[in-house]
Amino acid sequence: MRHRMHGRKLGRTSAHRKAMFRNQLVALFEHERIVTTLPKAKELRPLAERMVTLARTGTLANRRRVLTMVPDKAIVRKLFDEIAPRFMERPGGYTRIVRLGRRRGDGAELAIIEFVDYVLESKEHGGESGKTSLMDRARGIFGGGKKDEAAEAAPSDETPAKAEAPAEEPEAEAAPAEPEAPAEAEAAPADEQQETSEEKPAD
């Protein structure tokens, strides 16, 4: 029995587990939001919050301590200059975990770990780069993307109908009432000729 044993093994050796958490910390500080399994998110959360707490002071010693877990200098610079100043008035709890449900393949429970002040960008801004958002990819894992595709297909079906409606208007305009008047004028002389022809034998 694992009495007084702290932390989850996650089916990995200590070196593999440490390397995985280092990579996840880099991804979290870079994107400020990642999708992982729930046990990994629960183990990553205290590490990430400890790094933010060290970055709040901004001393050289703490910067070197953070570099032992976050090997990317550009990400450490972002942590100290951009992320940590946002939490200067917050005593703790910089991240949150949002459960997503079970993964389709192996049934593992997924979760999102993100900073509490993270704001999801609108699709209008994300649509310029052509990349799908993190939530769209998460919905695709659970099969939620079918509804989105059906919703997107509905407006596309309506657009051709709207495009065909203006095409019918020129056809109505192309048949003006003016050509009918000459037809009547041509018919009138023919009737007069018949009347004259009928009147001649009467004389």
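Quick note: the coordinates plus some simple rules give every number you see, no bench work behind them. What you see is a predicted model, and the numbers here were worked out from it, not measured in a lab.
The string of couplings for the stretch 53-61 from the Karplus curve (6.51, -1.76, 1.60, θ = phi - 60°) is 4, 5, 6, 5, 6, x, 7, 5, 4 Hz, one whole number per residue in order, with x for Gly and Pro. Using the Karplus relation 6.51 cos²θ - 1.76 cosθ + 1.60 with θ = phi - 60°, the per-residue 3J(HN,Hα) values for the stretch 91-104 come to x, x, x, 7, 10, 9, 10, 10, 6, 10, x, 9, 6, 5 Hz, with x marking Gly and Pro.
Rounded if a/c is under 1.5, else prolate if a/b beats b/c, else oblate: with a ≥ b ≥ c from the C-alpha gyration tensor eigenvalues square-rooted, which is the stretch 1-133? The shape class here is oblate. As a length-normalised measure over Cα pairs under 8 Å and 6 or more apart, the relative contact order of the stretch 14-119 settles at 36 percent. Amide H to amide H, with H built 1.01 Å from N, THR95 comes under 5 Å of VAL116, counting only residues 5 or more places away or on other chains.
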